[in-house]
Amino acid sequence: MTLGEHPEIKEIESESLERCLNDIEGICAVSETFDYYQFQHTVTKITDLYQKLLDTSFPRVKYLIERFRELGFNIQLQEFLFEHSGTNGTNAVFKNPNADPDSKTFYIVAHHDYINGKGASDNASSMAAMLELARFVITTKLNVVFVSFDCEEINLNGSRYYVNSLSPEELAKIDGVICLECLGGSKDIVLPTKNLGAICDKYLIELIMNIANRLGYRLSSFKCPIFHSDHVSFSKMGVPAIEICDVDAIEFLKHPYSSSHLYNNTQSIVHHPTDLPENLNTENIRRTLEIMLEFLRDHSK
Ligand SMILES: [Zn+2]
């Protein structure tokens, strides 16, 4: 029997998923329906396009800040100049007030900006998953730092600024980073081994794979050059980092270097007008939550 078959754990899981789906709905409710590719044809100045990205992402991070405040997390907001618009983007950092200050830090990160539909999978799903993981973390001494980055979609601007703002001592204190991306956006949960500009940490991939196996889930792992996200900013600074994302594994492996995966809604709803809460693969979200909660439980013992 896997842990997932235990009736009590099943009940906890379904409550976790329910809260997570509620938060996805909440985040999407404050998000306007947006189509970056259409919008870029309507702007007269390119800076207006980038300003629109910031304007649509801000209500989402505000939603997240309110929920983390209710949970009792310590919150730090970091503003940075987004050169493309000439105005500021906002990263939000959430720290467990009960954390053991002498232990190393572990980061769980996601991004709040989005470019199509209501950004339900990309990346309200991961923002909501962070909230659900935070509900567990605050009951422990785990030194987990959650960060929601802005402007991921434009060359990882928010996370690049954040890692550059850390001192060498702070960077050396980071044990690892898990970046959550596009949960429920496609068929398969994937742990990329490599992305553009970064090799994902083998040990962390193995650790998550082993937990998934223990729970009876088969995850895929292969190189996903174009599916890079904010973990790459940490990897480039020598910090062990990985990404958990949803892609259509069979289709992806046919054309690993093509970006068509992001524009073809038969494979994924990511970066497509269909990126709406009603189109999510909720079973993959449930599994990712279960795996991540098990990972945190293992480390809280
Ligand atoms: Zn994303």
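The numbers here are math on the coordinates, done by the rules we state, and not lab data. Predicted, not measured: the structure shown is a model, and the values here were computed from it. In this analysis, Cβ positions are derived from the backbone assuming ideal geometry, glycine residues included, and neighbour counts consider all displayed protein chains.
Go through 155-164, 190-199, 93-102 and give me the packing order, highest mean Cβ count within 10 Å leading. Don't skip to the answer; put the middle values down first.
Values: 155-164: 20.8, 190-199: 18.2, 93-102: 15.0.
Sorting 155-164, 190-199, 93-102 by mean packing, highest first, produces 155-164, 190-199, 93-102.
Only Cα pairs under 8 Å and at least 6 apart count here; give the relative contact order of the chain as a rounded whole percent.
So the answer I get is 21 percent.
Mind checking the log10 I(q)/I(0) for the chain at q = 0.07, 0.13 Å⁻¹? Debye, one equal scatterer per Cα, no solvent, two decimals.
Debye intensities relative to I(0), on a log10 scale: -0.23, -0.87.
If the label point is 7 Å along Cα→Cβ of I75, which residues in segment 89-123 have backbone nitrogen under 12 Å from it?
Taking a point 7 Å out along Cα→Cβ of I75, the residues of segment 89-123 whose backbone N falls under 12 Å are 92-95.
Which value, in debye to the nearest 20, describes the size of the charge dipole of segment 3-300 about its Cα centre when Lys and Arg Cβ atoms bear +1, Asp and Glu Cβ atoms bear -1, and nothing else is charged?
520 debye
Based on the inverse mean of 1/r over its pairs of different Cα atoms, what is the Kirkwood hydrodynamic radius of segment 181-301, in Å? Write down the numbers at each step before the final one.
Values: mean 1/r = 0.0676 Å⁻¹.
Result for segment 181-301, one decimal place: 14.8 Å.
Using Cβ counts within 10 Å as a stand-in for footprinting exposure, how do Y37, Y257, Y217 rank, fewest first? Spell out each step's value before the answer.
Working: Y37 12, Y257 9, Y217 17.
So the residues, fewest neighbours to most, are Y257, Y37, Y217.
Multiply the residue gap between L166 and K254 by 0.36 nm, knock off their C-alpha separation, and tell me the result in nm, one decimal place.
My answer for the length gained is 27.8 nm.
Before rounding to the nearest 500, sum -39500 (n - 2.57) across all DSSP H runs of length at least 4 in the chain and divide by the residue total; then give [θ] at 222 nm in deg cm²/dmol. Walk me through the numbers on the way to the answer.
Details: 10 runs with 123 residues, N = 301.
The helix-only estimate for the chain comes to -13000 deg cm²/dmol at 222 nm.
Pop the C-beta distance of K141 and R214 into the FRET formula with R0 = 25 Å and round what comes out to the nearest 0.05. Let's see the in-between values first.
Numbers: r = 24 Å, r/R0 = 0.95.
The computed FRET efficiency comes out at 0.60.
Rounded to whole Å, give me the distance from the Cα center of segment 59-98 to that of segment 157-235.
Rounded to whole Å, the Cα centres lie 21 Å apart.
K52: which lysines have alpha carbons under 17 Å from its alpha carbon, excluding same-chain residues fewer than 8 sequence positions away?
Straight-line reach from K52, under 17 Å: K62, K118.
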